[in-house]
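Worksheet: the structure to be examined is printed underneath.
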């Protein structure tokens, strides 16, 4: 970095999706928007990543996942343990989670519009 140059930190987004192709598509979406993506195949892996890192700013998670902890429960865990981290929850099975969704969590039904996700991440990072 040269003198007078300002370091611009790239936000890191954790993508939690058990379906490999959907996970790759979400990672591509995040990276195309200029963010760095970290991937987890389920909530257990996501919690391990969150415990090991302190630079995750947003978690983008699917609801339906294996191993007993779904995306809604993951959002609750994040809200309880890492309150500054913002959460986006998506589902192909739910249209409206109602009061199941924790505070400061945004929900989108699949198929979602990519520009909605990117716009929401930008708002969350302000």
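Table for the structure above
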quantity	calculated
Residue that is farthest from residue 93 (Cα to Cα) [pool: residues in segment 37-51 that are out of contact with any helix residue (DSSP H, G or I) (no Cβ under 8 Å at 6 or more places or on another chain) and either surrounded by 17 or more Cβ atoms within 10 Å (Cβ to Cβ) or in contact (Cβ under 8 Å) with a residue 24 or more places away in the chain (or both)]	49
Residues satisfying the stated conditions in segment 52-110, i.e. under 29 Å from residue 9 (Cα atoms), modelled with pLDDT under 90 and surrounded by 13 or more Cβ atoms within 10 Å (Cβ to Cβ)	102, 104
Boolean, residue 3 is surrounded by fewer than 16 Cβ atoms within 10 Å (Cβ to Cβ), modelled with pLDDT under 95, in contact with a strand residue (DSSP E or B) (Cβ under 7 Å, 6 or more places away or on another chain) and not in a helix (DSSP H, G or I)	no
Near pairs, Cβ below 8 angstrom, 6+ apart or cross-chain, from segment 110-126 (over 10 Å from residue 86 (Cβ atoms)) to any residue that is assigned to a helix (DSSP H, G or I)	114/29; 117/29; 118/29
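The values are calculated or read from the model by the stated rules, or taken from the named source; none is laboratory data. Every value quoted in this text rests on a predicted model; they were computed, and no experiment measured them. Please note: Cβ atoms are built from the backbone with ideal geometry, for glycine as well, and neighbour counts cover all protein chains shown.
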